[in-house]
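A quick write-up on the structure given underneath.
Every read-out reported here was derived from the displayed coordinates using simple, explicitly stated rules and does not represent laboratory data. Note that the coordinates shown come from a computational prediction; the quantities given were computed from them, not determined experimentally. Virtual Cβ from ideal backbone geometry, glycine too; neighbours counted across all protein chains shown.
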Amino acid sequence: MNFFQIKRTTSENPDFVRLVAELDAYLAIRNGENNDFFVQFNQIEKLHHVVLVYENDRVVGCGACKEVETGVVEIKRMFVPLAFRGKGIASLVLKELEIWAKELGYVKSILETGKDMVDAVGLYTKSQYQIIPNYGPYKDVESSVCFEKVL
């Protein structure tokens, strides 16, 4: 039987740093020549709201959120290694980030992902996120899709 433990932490956590390195390697392949554009928006220094999920003491998922404006957080660095997908881990991470954001007084969550990231798009749609016009640095990026959810 799988036992999941959810941990709130910061971007200084070594397990988070390690998973993000794996995520970055994965995205470098997925994004190809466009990867350099996205890297600039995915730095993890000073992320104060990071969620990790552990299965039997092994880190199996992560995500973070950061304030983008008063009342609004952006979901960042969501990742579950391929070997652990299909167990509901990403949903656990996202739900915990939403709960934490609400506790901190945020009323809305936004995020960006790739249109071709079928699993991610499915997760956000299933989690009641609505597609919105691309925002900020993703405004004119054809391969991006942006979402929001009222918390």
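Observations, loosely collected:
- Taken over region 85-127, the criterion of being in contact with a helix residue (DSSP H, G or I) (Cβ under 7 Å, 6 or more places away or on another chain) and hydroxyl-bearing (S, T, Y) is satisfied by S91, S109, T113, S127.
- Looking across region 93-122, the residues that are out of contact with any Leu (no Cβ under 7 Å at 6 or more places or on another chain), closer than 17 Å to G61 by Cβ and in contact (Cβ under 8 Å) with a residue 40 or more places away in the chain come down to V93, E96, L97, W100, M117, A120.
- Residues that are of a type in the set (D, E) and buried (at least 16 other Cβ atoms within 10 Å of the Cβ) occur in region 97-108; there is at least one.
- Residue that is surrounded by the most Cβ atoms within 10 Å (Cβ to Cβ), among those in region 1-20 that are in a loop (DSSP other than H, G, I, E, B) and without any contact (Cβ under 8 Å) to a residue 40 or more places away in the chain: N13
- Matching residues, region 58-69, being more than 17 Å from K149 (Cβ to Cβ) and free of Cβ contacts under 8 Å to residues at least 24 places away in the same chain: R58
- Elements of type strands (runs of 3 or more DSSP E) contained in region 42-151, each with 3 or more residues being among the charged types (D, E, K, R): 58-69, 72-79
- Residue count for region 113-151 satisfying the condition of being exposed (fewer than 11 other Cβ atoms within 10 Å of the Cβ), over 20 Å from A101 (Cβ atoms) and within 16 Å of the chain's Cα centre (by Cα): 1.
- Any hit, region 73-85, residues being buried (at least 19 other Cβ atoms within 10 Å of the Cβ) and over 20 Å from V145 (Cα atoms): no
- Pairs are defined by a Cβ separation below 9 Å, a sequence spacing of at least 6 or placement on different chains, a first member in region 126-144 that is touching a residue at least 40 places away in the same chain (Cβ under 8 Å), and a second member that is part of a loop (DSSP other than H, G, I, E, B) and charged (D, E, K, R); the pairs so defined are S143/K115; S143/D116.
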